[in-house]
Amino acid sequence: QVQLVESGGGLVQAGGSLRLSCAASGRTFSMYAIYWFRQAPGKEREFVAAISWSGATTDYSDSVKGRFTISRDNAKNTMYLQMNSLKPEDTAVYYCATRKGVGPMGGDFGSWGQGTQVTVSS
């Protein structure tokens, strides 16, 4: 079982940047696609971005496309979410999760992190 720990959240003004990290324990980290989700107060959890196990394939929600960049360093067992041009509507708790089983980014979700708070002030 892979354990995930997010970090890098905080308070930033609109237009600013943050880089979230998702550190994984376990030698099999490189076998998993990694997803980022977020959940704002009173809203459902929503997909943000994903990256395949090799890093060759990425996907983004329309709301973050062009502003966020997902990447991974399998040698460091860490995945990153670079967030630029942040908006107040990006305010949420951000979670990373593993996924494996179907193609480069499909299958069942496995481990989830505890989340990191991102707050964007206007």
- Item | Residue that is of a type in the set (D, E, K, R) and touching a strand residue (DSSP E or B) at 6+ places or on another chain (Cβ under 8 Å), where the choices are D73, D62 | D73
- Within the range 28-60, can you find the residues that are of a type in the set (S, T, N, Q) and closer than 12 Å to I70 by Cα? S52, T57, T58
- Item | Criterion: over 13 Å from the mean Cα position of the chain (by Cα), aliphatic (A, V, I, L, M) and assigned to a strand (DSSP E or B) - qualifying residue of L11, L4, L86 | L11
- Message: Can you tell me which condition K65 does not meet? The list is (1) assigned to a loop (DSSP other than H, G, I, E, B); (2) modelled with pLDDT of 95 or more; (3) buried (at least 19 other Cβ atoms within 10 Å of the Cβ), and all the others hold.
- Response: (3)
- Task: Within the range 48-59, work out how many residues are touching a strand residue (DSSP E or B) at 6+ places or on another chain (Cβ under 6 Å) and open to solvent by 40 Å² or more (accessible area, probe 1.4 Å).
- Result: 3
- Flag if Y80 is under 10 Å from the mean Cα position of the chain (by Cα) and surrounded by 14 or more Cβ atoms within 10 Å (Cβ to Cβ): yes
- Query: Got a sec? Which of G26, G15, G42, G9 is without any contact (Cβ under 8 Å) to a residue 24 or more places away in the chain and open to solvent by 30 Å² or more (accessible area, probe 1.4 Å)?
  - Reply: G42
- Item | Leading residue by the ranking (nearest to the chain's Cα centre (by Cα)) among those in the range 14-62 that are part of a loop (DSSP other than H, G, I, E, B) and among the charged types (D, E, K, R) | R45
- Message: Return the residues of the range 89-120 that are surrounded by fewer than 21 Cβ atoms within 10 Å (Cβ to Cβ), outside any strand (DSSP E or B) and without any contact (Cβ under 8 Å) to a residue 60 or more places away in the chain; say none if nothing qualifies.
- Response: E89, T91, G103
- Message: Just to verify a result, which residue in the range 103-118, among those that are polar (S, T, N, Q) and at pLDDT 95 or above, is nearest to M31 (Cα to Cα)?
- Response: Q114
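The values are calculated or read from the model by the stated rules, or taken from the named source; none is laboratory data. Because the structure is a prediction, the values reported are computed rather than measured. Counting neighbours? That spans all protein chains shown, and the Cβs are built from the backbone with ideal geometry, glycine included. When the accessible area is computed, the model is the full protein with side chains, heavy atoms only, and any ligands, DNA or RNA have been set aside. Shrake-Rupley method; radii C 1.70, N 1.55, O 1.52, S 1.80 Å.
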